[in-house]
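Down below is the structure, laid out as structure tokens.
The values are calculated or read from the model by the stated rules, or taken from the named source; none is laboratory data. Small disclaimer: the values here were computed from a predicted structure and weren't measured. Neighbour counts are summed over all protein chains in view; Cβ atoms, including those assigned to glycine, are modelled from backbone coordinates with ideal geometry.
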Amino acid sequence: MSKPRRFGDTRSVSELLGATLGTARLAKGVQRARAILAWPQAVGPEIARMTRPRSQQGGTLFVEVRDSATAHHLTLQRHHFLKSLNALLGEERVTEIRFSVGSVRAPTPAPRLAPLPGPDRARAQALVRNVDGDLKDVALKAAEAITRARKWREAQGWRPCPVCGEASREQPCRACALTLEDPNVRRAARALTRTPERLAALPASLGDSGANAARHIALGLLAEQLDLLALECVRSGGEEGYRAFLAQQAEVFLSLTHRRPRSALRGEDRAALPERVRHVLGAGR
């Protein structure tokens, strides 16, 4: 059975003294590390990029710079750095900063961004066509900024969203993808396939984004229907009933495509019809 150690035992005192000294050394090391770590915050990002705090001896902090001219300039400003640094450190203060030439990497230049293109003035004018009065000039400047950003995105390879027309990486864009799932928008789309003239009133209830989404869905439904009707016309040998219904649905499609009532459609508007539908409708004329 081992004997218990007495308080005055030589080994116990030695171990205790070693632990105490070790703790003191650790505390001093931590304090020196605090000064080095606090340097970038104390001097700011510009000075931090051209300097490297190397070590601390007592109350003196040694900092390396790239050249002697920089060392001389910063030495003249060191009282400002001391004030900021000690405000961060608290009780343990740095009393001197010495700058010397050392190995400091040159700052990496920030990548140059390509400038935004000029505004699309015609598109900007269209965006503010309903704005009157004193707000016209302010709205036009905002619209020009929007068109510049849009032209930049298009230059990066983004394509116009098929719903809203804004340049987007996703097709359709994220906002329109959510709008397309709205049950109210889908109900409005089905109504547009029967009465395209309702499109003009939709922004009041669904907003512009909802109206555009309903129109997009309706055009997709009509395009599928026109393709099937054109096939049936060909299979039936040009049966008049199929052809009349095809012509009727083609008018609805063109009305939504050109955003005009059916009564205002012109002959040249037929160019927007799918090719097969144009051929079938023009076959018996």
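So is Glu64 charged (D, E, K, R) and at pLDDT 90 or above or not?
Spelling it out, Glu64 is indeed charged (D, E, K, R) and at pLDDT 90 or above.
State all residues of region 170-205 that are without any contact (Cβ under 8 Å) to a residue 12 or more places away in the chain, charged (D, E, K, R) and not in a helix (DSSP H, G or I); if no residue qualifies, say none.
Glu170, Glu181
Scan region 122-138 residue by residue and report those that are without any contact (Cβ under 8 Å) to a residue 12 or more places away in the chain and of a type outside the set (S, T, N, Q).
Residues satisfying the conditions are Ala122, Ala126, Arg129, Val131, Asp132, Gly133, Asp134, Leu135, Lys136, Asp137, Val138.
Among Ala188, Ala177, Ala214, which is the only one that is over 19 Å from Ala272 (Cβ atoms), at pLDDT 95 or above and surrounded by 13 or more Cβ atoms within 10 Å (Cβ to Cβ)?
Testing whether each residue is over 19 Å from Ala272 (Cβ atoms), at pLDDT 95 or above and surrounded by 13 or more Cβ atoms within 10 Å (Cβ to Cβ) leaves just Ala188.
Kindly provide the set of residues from region 232-274 that are loosely packed, with under 12 Cβ neighbours inside 10 Å and among the hydrophobic types (A, V, I, L, M, F, W, C), ordered by number.
Once the filter is applied, which keeps residues that are loosely packed, with under 12 Cβ neighbours inside 10 Å and among the hydrophobic types (A, V, I, L, M, F, W, C), region 232-274 yields Ala244, Ala264, Ala271.
Working only within region 74-98, note down all residues that are over 16 Å from Ala33 (Cα atoms) and assigned to a loop (DSSP other than H, G, I, E, B).
Gln77, the sole residue that qualifies.
Residue check, Ile217 against (1) within 24 Å of Pro160 (Cβ to Cβ); (2) in contact (Cβ under 8 Å) with a residue 40 or more places away in the chain; (3) of a type in the set (Val, Ile, Thr), all met but one. Which one?
Ile217 satisfies every listed condition except (2).
Can you tell me which of (1) outside any helix (DSSP H, G or I); (2) within 32 Å of the chain's Cα centre (by Cα) is the one Asp208 doesn't meet?
If we test Asp208 against (1) outside any helix (DSSP H, G or I); (2) within 32 Å of the chain's Cα centre (by Cα), just (1) comes out false.
Answer yes or no: is there a residue in region 148-160 that is modelled with pLDDT under 95 and touching a helix residue (DSSP H, G or I) at 6+ places or on another chain (Cβ under 6 Å).
no
Here is a list: Gly157, Gly165. Which entry is at positive phi and within 16 Å of the chain's Cα centre (by Cα)?
Gly157
Quick check: is even one residue across region 231-253 free of Cβ contacts under 8 Å to residues at least 60 places away in the same chain, of a type in the set (D, E, K, R) and closer than 24 Å to Leu127 by Cα?
Scanning region 231-253 turns up no residue that is free of Cβ contacts under 8 Å to residues at least 60 places away in the same chain, of a type in the set (D, E, K, R) and closer than 24 Å to Leu127 by Cα.
Just for region 143-169: of the residues that are part of a helix (DSSP H, G or I) and in contact with a strand residue (DSSP E or B) (Cβ under 6 Å, 6 or more places away or on another chain), which one is surrounded by the most Cβ atoms within 10 Å (Cβ to Cβ)?
Arg150
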